[in-house]
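This report concerns only the one structure given below.
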Amino acid sequence: MRLMTQSVYSYSYDFLVFASVFYNTAPYACMFLRTSGNCLLPCYDTIRKITLSKSMSPLTEQHDSMFLCYVKEKVKILQPRDKTVVLPIDEIHVQQFFDDKDGSVVGAASNSKEAAKPTFAFVVSSILSKYKDVVHVLPTCTINGEQLFALIQRTIRGLEEAGFHVISDITDNTNINRKAMSSFAVPPKLSFVYPHPCDLSRPLFFLFDSVHIFKCIMNNWINQKSAGKCMMYPSLQEKVQSDNCEITRFELSSPVSIAQSSFNALKQLHQLEYDSTVRFAHNLSLKKLELSTFERQNVNLAVRICNDFVAQALVDHGRKRSILDCHDTSIYIKIISTWWDVVNVKTPMKGLHKINPYQQPLTKRDTEPRRFPNFVLKWLLAWEEIPGDCGKLSEETFTALWNTCYGLLSVADYCLSELGLNYVHLGKFQTDCLEARFGQYHQHPGGKYDIFLRQVFESEKKLRLLSTLKLKLREKDITSTNFELDWNDFVRVPNDSPEQLVLLCYLTIF
């Protein structure tokens, strides 16, 4: 920023980018800093002109000529490690009506003249970095598997042409998603790997979201209509091995017998510890054991029920207090909890921090994260042979769990051998990034659950702008400026050097 006259200032490109990010990230802090007189920041109208000049709204991408226009420009400023991605797909429900603002009508579905209700969002999420971005938002009224298949195929081809390397699709376990992905095979068939639409010699892995599967497993248990809400599963034996730490491994009992896990055992455990000062199952509460239909979609509540603390509390208190089926229920919880530990790893040091060998990244070595999914596959085969349908997983949940265990091992082997990675985070193959984006859509209009399609477009435009401006800003090395970073300079900021105050705000926020 340089002084031209006593009343006119010229802002540099980098400073305008910073001011735009500063205002959109912390508007009140930006307004306070501007009115304090210690720093000369651009006014809101100037920043608004910058934001409006960027055609980043998903509304413009509804036209065929502008399809994926945002990500095709964004890829030019990405690092090579950001371009190996997975493609999570999910839908968000919006209020079904048309909205008129300044002569612009928003709310129509892309494939119908009616108002949109389910809105599909497509995200690219890098498996090697923290980069993730919504590449397309599609408002629909009704859509079938063939239409969704055509859109997925077109999106993958567009991303590959832009410079991305798409290795996997990730969806939840709904009928339309299964039909869409089955169309990648001829004849249509549900599998965990298909020929890649851009290169038939490459694989395209299809995975069900492990978060969604975990919630489905818990809901299958809660929804059992038997007397004790019991799940019938092949009995297992625990074996504790001590290498550097104690590792609990499971084996199918020989001969295979049927064990019974009771959800009512958890309620009995909660009643026993309700008035205790020290509680083993400290996560349990009556609210978490009596979840509503809406609350069952929250994975955090499911984790509070299915964890090692609850399993150990059943073992310690169950035999002393005569809780029915306490041992079998404890084993069942440990199996599901351990599977969740394996598939929910997103950082390389999580296993060391948690002192849990199952929370380590998957490597070429024969470690616990590689052994356990193979064990789950054997366990599911034995479970399928149990006669009758009572006390078992639903057919959809069983198939999704089977395909995902196979798919995660296959995509991990592909990344380790073909892509040359040293380790793989299985938690990268989830739709968590998309669910977090949906949460931002709800928060930007003021924390509303029922939002409009226009609010989705406006929120996404703002988030895209912030992401792009931050990448532009970080291209410059801010520590290589002409002034030194000395704390004494920040204690007393002179009026003739506002850049230091701006730099301090930058370092504090980002």
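Derivation of every value follows stated rules applied to the coordinates shown; laboratory data play no part. These numbers were taken from a predicted model, which means no experiment stands behind them. Glycine gets a Cβ as well: all are built from the backbone with ideal geometry, and neighbour counts include every protein chain shown.
I need the Kirkwood Rh of segment 113-253: take the reciprocal of the average 1/r across all distinct C-alpha pairs and report it in angstrom.
18.6
Two-decimal Rg/Rh of segment 355-419 from alpha-carbon positions, Kirkwood Rh?
1.06
Please report Arg81, Arg249, Arg178 as a ranked list, fewest other C-beta atoms within 10 angstrom at the top and most at the bottom.
Going from sparsest to densest Cβ surroundings: Arg81, Arg249, Arg178.
Note the angle between two axes, namely the Cα long axis of helix 145-162 and the longest principal axis of the Cα atoms of the chain, as a number of degrees from 0 to 90, rounded to the nearest 10.
Helix 145-162 sits roughly 50 degrees off the main axis of the chain.
When the label point is put 7 Å from the Cα of Asn144 along its Cα-to-beta-carbon vector, which residues of segment 186-201 have a backbone N closer than 16 Å?
Counting backbone N atoms under 16 Å from the label point, the list is 188.
Apply the Karplus parameterisation 6.51 cos²θ - 1.76 cosθ + 1.60, with θ equal to phi minus 60°, to every residue of segment 65-73 and state each ³J(HN,Hα) to the nearest whole Hz, in sequence, with x for glycine and proline.
Each residue's phi maps through the Karplus curve to give 5, 10, 4, 6, 5, 5, 6, 5, 7 Hz.
Whose amide H sits under 5 Å from the amide H of His136, counting only residues 5 or more places off or on another chain, with H placed in the peptide plane?
Amide H to amide H, under 5 Å and 5 or more residues apart or across chains, His136 pairs with Phe122.
Calculated FRET efficiency, Ser226 and Asp45, Cβ-Cβ r, R0 60 Å, to nearest 0.05?
The pair Ser226/Asp45 has a calculated efficiency of 0.35.
Can you give the calculated 222 nm mean residue ellipticity of the chain, where each DSSP H run of n ≥ 4 adds -39,500 (n - 2.57) and the sum is split over every residue, rounded to the nearest 500 deg cm²/dmol?
-13500 deg cm²/dmol
Too long at a 28 Å Cα-Cα cut-off: which of Lys287/Lys428; Lys76/Lys461; Lys239/Lys287; Lys354/Lys448; Lys225/Lys350?
Lys287/Lys428; Lys239/Lys287; Lys354/Lys448; Lys225/Lys350
When the dipole is taken about the Cα centre of the chain, and only Lys, Arg (+1) and Asp, Glu (-1) are charged at their Cβ, what size is it in debye, to the nearest 20?
So the dipole magnitude of the chain works out to roughly 240 debye.
Calculate, in whole percent, how much of the Cα-Cα pair population of segment 212-428 lies beyond 24 Å.
The calculated P(r) of segment 212-428 puts 45 percent of pairs beyond 24 Å.
Expressed in whole Å with the largest first, what are the equivalent ellipsoid semi-axes of segment 43-124 derived from the C-alpha gyration tensor as the square root of 5 times each eigenvalue?
Here the semi-axes work out to 26, 22, 11 Å.
Which of Tyr194, Tyr70, Tyr11 has the fewest other C-beta atoms within 10 Å, and how do the rest follow up to the most?
Ascending Cβ contact count within 10 Å gives the list Tyr11, Tyr194, Tyr70.
Please arrange Lys239, Lys72 by counting, for each residue, the other beta carbons lying within 10 Å of its beta carbon, fewest first.
Going from sparsest to densest Cβ surroundings: Lys239, Lys72.
HN-Hα J couplings of segment 168-177 from phi, Karplus 6.51/-1.76/1.60, θ = phi - 60°, integer Hz, Gly and Pro as x?
7, 9, 9, 9, 8, 8, 10, 5, 5, 5
Please turn the phi angles of segment 372-383 into ³J(HN,Hα) values with the Karplus equation 6.51 cos²θ - 1.76 cosθ + 1.60 (θ = phi - 60°), one per residue in order, whole Hz, x for glycine and proline.
5, x, 5, 5, 4, 4, 5, 5, 5, 4, 5, 5
Run the simple label-point estimate for Asp413 and His282 please: 7 Å along Cα→C-beta, distance reported in nm.
Inter-label distance under the simple model: 4.3 nm.
Roughly speaking, what is the stretch gain from Ser112 to Asp275, that is 0.36 nm per residue apart minus the C-alpha to C-alpha distance, in nm to one decimal?
Answer, rounded to one decimal: 52.9 nm.
Just to be sure I understand: of the beta bridges DSSP finds with both ends in the chain, what percent are antiparallel, rounded to 5?
80
Mind listing the long-range amide H neighbours of Ile258? Cut-off is under 5 Å, sequence gap 5 or more, other chains count too, H placed in the peptide plane at 1.01 Å from N.
The list, which skips near neighbours in sequence, is Ser235.
Evaluate the distance, in nm, between pseudo-label points positioned 7 Å from the Cα of Asp99 and of Met349 along their respective Cα→Cβ axes.
Spacing of the two 7 Å Cα→Cβ label points: 4.2 nm.
How do 391-397, 155-161 rank on mean C-beta neighbours within 10 Å, highest first?
Averaged packing, sorted descending, gives the order 155-161, 391-397.
Viscosity 0.890 mPa s, temperature 25 °C: give me the Stokes-Einstein translational D for segment 42-185 in µm²/s, with Rh taken as the Kirkwood radius over C-alpha pairs.
Taking Rh from Cα pairs, D becomes 148 µm²/s.
Which entry in [x] 28.8; [y] 30.7; [z] 24.3 matches mean projected area of the Cα convex hull in nm² derived from the coordinates of this structure?
Here mean projected area of the Cα convex hull in nm² agrees with entry [y].
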